[in-house]
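*Asks:* So that we are looking at the same thing, I have put the structure below in structure tokens.
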Amino acid sequence: MITFKIGGVHPHDNKIAKTAAIDPLAPPAKVAISMAQHLGAPATPVVAKGDKVLVGQVIGEPAGFISGFVHSSVSGTVAAVEPRADIAGNMVPHVVIDVEGDEWDPAIDRSETIVRDITASREDILARIKAAGIVGMGGATFPTHVKLNPPEGKKAEFLIINGAECEPYVTADDRLMREKPDGIVIGAAIMAKVLGGCKCYICIEENKPEAIKAVQGACSPFPDIKVLTLKKKYPQGGEKQLIDAVTGRQVPSGALPIDTGCVVQNVATAFAVYEAIQKNKPLFERAMTVTGQCLDNPRNFMVRLGTPLSYVLEAAGGAPESAAKFISGGPMMGKAIANIDATTQKGSSCLLLLTEEQTRRKSEGNCIRCGKCTDACPMGLEPWLLNKLSRAGGRMDELEENKIFDCIECGCCLYTCPANIPLLDVIRVNKAEVMKIIRGRAKK
Amino acid sequence: MSKTIVSPAPHIHSEFSTVRLMRDVLIALAPAVLVSLYFYGWNALLLLVCCVATCMACQWFIEKFLLKTTVTVMDLSCVVTGVLLALNLPPAAPWWIAVVGSIVAIGIAKMTFGGLGQNIFNPALVGRVFLLISFPVAMTTWTAPHSWFSSVDAFSGATPLALINEGLKSGSTVQEILAANPGLTPGQMLFARAGGSAGEASAIALLLGFVYLLCRKVIKPHIPVTIWLTVAVMTGIFSLCNPAEYTGPLFNLFTGGLMLGSIFMATDYVTSPMTDKGMIIFGVGIGVLTVLIRYFGSYPEGVSFAILIMNLAVPLLNKYCKPIRYGYGRRK
């Protein structure tokens, strides 16, 4: 069994929703679809109030190279195109649609038949991935077609399909691998074809034995695709950590995975690619976990994008009294939500409810210089030192010397600190400052 | 949604806390404490109580009345200092020695530097060395281990290292000294028969604590293991070259404060390096200094001095021994 070499922590995985199958969640009465569901420029809305839309119809077009298409997830009438607060709290344009029935674009193949033959050409596949609005569904939401089209002179040797799902609680990828292994494997094969024949590994952590078995079974018609079992360790699913675990290579500081010959894609992205190419279905719904010990029935849903989180939560039994924190994503890197009426996006893998007891931060003590943060940091940084230099005020040159810009914000340091020092909070703020200085210097 | 918390990630925290780590150190010290109580009886208990009580009281007083800040006595770090100091005292020492040592340890070595996490030197060792220099007679009057809380007067006995030191000065060879003192076989010392500080009675009890600390992930093995290896290799070479004058590896590993010092004092978080590389250099330094002091110094015992000297090097080791960074190695 393999894993990454530097750092890492072992939080309890709490995969309490793993026995719940993915239930399709009926569309709500009204959806609000964000135009900023991907990294890069928000899409430009191409519908106006009063327009009738079908499920799968384009409602937003890319506004730049790093941008993406957005499709309607429901059928109905556009009620408004207006700025609204998204999950992160940013005001971005949303297309609000009053749902009427559930009428799909007739071009979408809704049958359950598995289509294994990959007939489309490389260029055709790339164009259709772009047109389907597919972005990295592990959370980073980087446009997939850009990642699959390496710049001139760079060649992918490894396609790594990320099924690590190292975040505690989240089970959406686990369930997807158990229920749709064929789609994922075919999606991986399609991406391998685009990249021009490379080794393809589907990487799954050891705590998902059923998923490993299912995907291994689905791999049998594809001799070039292998399943790798990973040790359970956070942040295994981090792109850089996964590349290290699988290939033993490390992405140089400031470089991209493709510079080490690797392309990493999430399993949900692989499934979306399968549906787009073989089923002609754009990305407008995704698997999502609703979980937390305070819920009686943690669930996994297939959720239409733009569904209010409050609606998803209602479907899982509603928020209990004891829930104090609502998190979009996992407990290590997810975002705490201020507005539960914000709507789901392409990167929303989980809605996690934690009680005050589970999430309360204890008061900060003195650093006892135990070095646990240094041992935990998967980038080999010294969080205690970055914290000290940051708080000493203005020591940006020393922060840069100590590689603060390499921080991937995984949270291992803060998670592990016995003195409850808010290491990552401090580092995050000062990392942004240092990056600003570096960018400013590059411009000169 | 009446009252929700919004804060940056991560939203959960590990089970580690300062109190838990300190509690684990105390649990790891328990076997050594019990052995010292078993062999040295009521006086060892008195010293232990005096040390712990004075350390706690001293920290409480300074934080409450001098610094007027939050009282952090309950984080147990001062209790650990107290227990370690007690284990470093001769078991027959008078009670006021424990009180003075504790005041120096907490009041001077720890709190003047800014309290927990800020001190340069290991507080318990500063306390011990202060006492050793100030009250050399009381601090080098040893008692041989005796029976369970017996009322029989303890007879005095020199520590193995002192025996060797004295013997060599009077012109005997190591072999003659060992032959004259049948209690000095490594086996005897492993299971507690040698005289010495209260906590040095049994190497086995200390090693039990070491295993516990490793299992609970409180410490990493780097520092103790490099100290042992360095001492073993260095004394091995010396004793092979001149067995009449230099004691061998087994003798040196299991005598004096080496086990107690390497497992519990050298691994003190605050005063030891943070990276593996730093820890290894730190351990080698302690090992070399210990052997040099034992062989060539005027004190028979050198672990305390070796650790204190290496404590000084820690800020430098932290500055220059960086962890292995991700993404800066050679590209394959």
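The values are calculated or read from the model by the stated rules, or taken from the named source; none is laboratory data. Keep in mind that what you see is a predicted model, and the values were worked out from it rather than measured. Counting neighbours? That spans all protein chains shown, and the Cβs are built from the backbone with ideal geometry, glycine included.
*Asks:* State whether one or more residues within the stretch A:285-303 are within 30 Å of A:ASP406 (Cα to Cα), crowded, with 21+ Cβ neighbours inside 10 Å and over 18 Å from the mean Cα position of the chain (by Cα).
*Replies:* no
*Asks:* Evaluate the following for B:ILE133: is it assigned to a loop (DSSP other than H, G, I, E, B), in the same structural domain as B:LEU45 (by TED's automatic domain parsing), at pLDDT 75 or above and surrounded by fewer than 23 Cβ atoms within 10 Å (Cβ to Cβ)?
*Replies:* The answer is no for B:ILE133.
*Asks:* I want to confirm something. Restricting to the stretch B:37-91 and keeping residues that are aliphatic (A, V, I, L, M), within 18 Å of B:LEU26 (Cβ to Cβ) and in contact with an Asp or Glu (Cβ under 9 Å, 6 or more places away or on another chain), which single residue is surrounded by the most Cβ atoms within 10 Å (Cβ to Cβ)?
*Replies:* So, considering only residues that are aliphatic (A, V, I, L, M), within 18 Å of B:LEU26 (Cβ to Cβ) and in contact with an Asp or Glu (Cβ under 9 Å, 6 or more places away or on another chain), the one surrounded by the most Cβ atoms within 10 Å (Cβ to Cβ) is B:LEU87.
*Asks:* Inside the stretch A:370-383, can you point out the residues that are in a helix (DSSP H, G or I) and more than 7 Å from every other protein chain (Cβ to nearest Cβ)?
*Replies:* If the condition is that a residue be in a helix (DSSP H, G or I) and more than 7 Å from every other protein chain (Cβ to nearest Cβ), then A:CYS373, A:ASP375, A:ALA376, A:PRO383 are the ones that fit.
*Asks:* Let me ask something else. Does B:TYR295 qualify as being in a helix (DSSP H, G or I) and modelled with pLDDT of 95 or more?
*Replies:* Taking the combined requirement at face value, the residue does not satisfy it.
*Asks:* Is at least one residue of the stretch A:124-140 in a loop (DSSP other than H, G, I, E, B) and farther than 30 Å from A:ILE186 by Cα?
*Replies:* The answer is no; no qualifying residue exists.
*Asks:* Continuing with this model, one more query. With respect to the numbered conditions (1) surrounded by fewer than 24 Cβ atoms within 10 Å (Cβ to Cβ); (2) in a helix (DSSP H, G or I); (3) within 11 Å of chain B (Cβ to nearest Cβ), which one is the sole condition not fulfilled by A:SER363?
*Replies:* The failed condition is (2).
*Asks:* Another question, if that's okay. What's the total number of residues in the stretch A:380-413 that are touching an Asp or Glu at 6+ places or on another chain (Cβ under 7 Å) and buried (at least 24 other Cβ atoms within 10 Å of the Cβ)?
*Replies:* 1
*Asks:* Testing A:LEU399 on (1) over 21 Å from the mean Cα position of the chain (by Cα); (2) at pLDDT 95 or above; (3) over 17 Å from B:GLN118 (Cα atoms), one condition comes back false. Which one is that?
*Replies:* With (1) over 21 Å from the mean Cα position of the chain (by Cα); (2) at pLDDT 95 or above; (3) over 17 Å from B:GLN118 (Cα atoms) applied to A:LEU399, the lone miss is (2).
*Asks:* In the set A:GLY317, A:GLY306, which member is without any contact (Cβ under 8 Å) to a residue 40 or more places away in the chain, part of a loop (DSSP other than H, G, I, E, B) and at positive phi?
*Replies:* Every option except A:GLY317 fails the conditions.
*Asks:* Go through the stretch B:298-326 residue by residue and tally those that are within 14 Å of another protein chain (Cβ to nearest Cβ), assigned to a loop (DSSP other than H, G, I, E, B) and crowded, with 21+ Cβ neighbours inside 10 Å.
*Replies:* 1
*Asks:* Considering only the stretch A:113-153, state which residues are without any contact (Cβ under 8 Å) to a residue 24 or more places away in the chain and over 26 Å from the mean Cα position of the chain (by Cα).
*Replies:* Scanning the stretch A:113-153 gives A:THR113, A:ASP117, A:THR119, A:SER121, A:GLU152, A:GLY153.
*Asks:* Does A:ARG122 fit the bill of being basic (Lys, Arg), in contact with a helix residue (DSSP H, G or I) (Cβ under 8 Å, 6 or more places away or on another chain) and at pLDDT 95 or above?
*Replies:* Criteria not met by A:ARG122.
*Asks:* Right, here's the next one. Quick check, is A:ILE437 in contact (Cβ under 8 Å) with a residue 40 or more places away in the chain, surrounded by 14 or more Cβ atoms within 10 Å (Cβ to Cβ) and away from chain B (no Cβ under 14 Å)?
*Replies:* Answer is yes for this residue.
*Asks:* Surrounded by 20 or more Cβ atoms within 10 Å (Cβ to Cβ), hydroxyl-bearing (Ser, Thr, Tyr), more than 16 Å from the chain's Cα centre (by Cα) and assigned to a loop (DSSP other than H, G, I, E, B): is that true of B:TYR246 in this structure?
*Replies:* yes
*Asks:* For the stretch A:403-418, name all the residues that are in a loop (DSSP other than H, G, I, E, B) and either within 21 Å of the chain's Cα centre (by Cα) or more than 8 Å from every other protein chain (Cβ to nearest Cβ) (or both).
*Replies:* Listed by number, the residues that qualify are A:CYS407, A:ILE408, A:GLU409, A:CYS410, A:GLY411.
*Asks:* Here is a further query. Can you confirm whether the stretch B:264-271 contains a residue that is under 30 Å from A:SER253 (Cβ atoms), in a loop (DSSP other than H, G, I, E, B), within 14 Å of another protein chain (Cβ to nearest Cβ) and in contact with a Phe, Trp or Tyr (Cβ under 9 Å, 6 or more places away or on another chain)?
*Replies:* No - not one qualifying residue is present in the stretch B:264-271.
*Asks:* Can you pull out the residues in the stretch B:265-274 that are in contact with a helix residue (DSSP H, G or I) (Cβ under 6 Å, 6 or more places away or on another chain) and either among the hydrophobic types (A, V, I, L, M, F, W, C) or closer than 14 Å to B:SER197 by Cα (or both)?
*Replies:* Listed by number, the residues that qualify are B:MET265, B:ALA266, B:MET274.
*Asks:* Scanning for something among the β-branched types (Val, Ile, Thr), at pLDDT 95 or above and crowded, with 24+ Cβ neighbours inside 10 Å, does the stretch A:308-322 turn up at least one residue?
*Replies:* For the stretch A:308-322, residues among the β-branched types (Val, Ile, Thr), at pLDDT 95 or above and crowded, with 24+ Cβ neighbours inside 10 Å: absent.
*Asks:* If you check A:ALA29 against the conditions, is it in contact with an Asp or Glu (Cβ under 9 Å, 6 or more places away or on another chain), in contact (Cβ under 8 Å) with a residue 24 or more places away in the chain and small (Gly, Ala, Ser)?
*Replies:* Spelling it out, A:ALA29 is indeed in contact with an Asp or Glu (Cβ under 9 Å, 6 or more places away or on another chain), in contact (Cβ under 8 Å) with a residue 24 or more places away in the chain and small (Gly, Ala, Ser).
*Asks:* When you go through B:VAL35, B:VAL71 one by one, which is the residue that is touching a Ser or Thr at 6+ places or on another chain (Cβ under 8 Å) and either at pLDDT below 95 or aliphatic (A, V, I, L, M) (or both)?
*Replies:* Testing whether each residue is touching a Ser or Thr at 6+ places or on another chain (Cβ under 8 Å) and either at pLDDT below 95 or aliphatic (A, V, I, L, M) (or both) leaves just B:VAL35.
*Asks:* Considering only the stretch B:4-44, how many residues are within 7 Å of chain A (Cβ to nearest Cβ) and either part of a loop (DSSP other than H, G, I, E, B) or within 29 Å of A:ALA338 (Cα to Cα) (or both)?
*Replies:* Residues in the stretch B:4-44 being within 7 Å of chain A (Cβ to nearest Cβ) and either part of a loop (DSSP other than H, G, I, E, B) or within 29 Å of A:ALA338 (Cα to Cα) (or both): 13 in total.
*Asks:* What number goes with the only condition from (1) of a type in the set (Val, Ile, Thr); (2) without any contact (Cβ under 8 Å) to a residue 24 or more places away in the chain; (3) within 24 Å of A:LYS388 (Cβ to Cβ) that B:ILE280 does not pass?
*Replies:* So the condition that B:ILE280 fails would be (2).
*Asks:* Being charged (D, E, K, R) and more than 14 Å from chain B (Cβ to nearest Cβ) is the filter here, so list the residues in the stretch A:299-349 that pass it.
*Replies:* Scanning the stretch A:299-349 gives A:ARG299, A:ARG304, A:LYS346.
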